[in-house]
Each structure stands twice: as structure tokens, then as C-alpha cells.
1. Normalized C-alpha radius of gyration of region 2-97, against 2.2 N^0.38 Å?
2. Give, in nm to one decimal, the length gained when the segment between residue 79 and residue 98 is fully stretched (0.36 nm per residue of separation minus the Cα-Cα distance).
3. At 0.36 nm per residue, minus the direct Cα-Cα distance, what do residue 89 and residue 27 gain on full extension? Give it in nm, one decimal, please.
4. To the nearest 10 degrees, how steep is helix 25-35 against the longest Cα principal axis of the chain, on a 0 to 90 scale?
5. By how many degrees, 0 to 90 and rounded to 10, does the Cα axis of helix 54-70 deviate from the longest principal axis of the chain?
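Nothing in this text is a laboratory measurement; each read-out follows from the coordinates by a stated rule. These numbers were taken from a predicted model, which means no experiment stands behind them.
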């Protein structure tokens, strides 16, 4: 997975490319740990994300909990396959998806 990071003031945008699974979710966790200090808004661009596993869902839930305490988090450009995973797991009701 590739993660493109853009920070604009207190807004952090991460564009994810590839698969968010057991092998790649630690990379996203590390990026978030290093980057979320002082962030009010986290935007995750999923336009090039192909798949999310249960490990990826755990990472997203952890980020959602942290950002709920310090600001907001949203996902953009979620493709049909990933959206289906969010719907089946109930994450579509928890996460802000635009």
C-alpha cells in the first residue's frame, strides 16, 4: 500500500492506494501516530484503495475514536467494493463517508 500525506494547517489528508490489510495496516497506524498531533480534521481519500480487511477496519476504527476526541474524520471517494465491506460490517453507520 502507498500512503500520500498532505498537511494543510490543522487538516491532514491521506490518499491510500492498494490494499489495507494485515500486512499494510501497521504502516497506516504508524503514519497516523506520527501525524495526528494538532490535527482537527482527518480526510482519507480511498479513490485508489482496492480492499479493506478486518485489520484495516480496526485501524480505521482506532483513528475514528482518536479523531472523535480531537476533531473529525471522513472518508472520500470510496469505491463500490470497499463501500460494500463498510455496509456489511456496520462501519457505514459509524464512519463519515462522502
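1. After normalising by residue count via 2.2 N^0.38 Å, the value is 0.97.
2. Extra length from residue 79 to residue 98 when fully extended: 5.7 nm.
3. 20.1 nm
4. Taking Cα atoms only, the helix is inclined about 20 degrees.
5. Once rounded, one gets 30 degrees.
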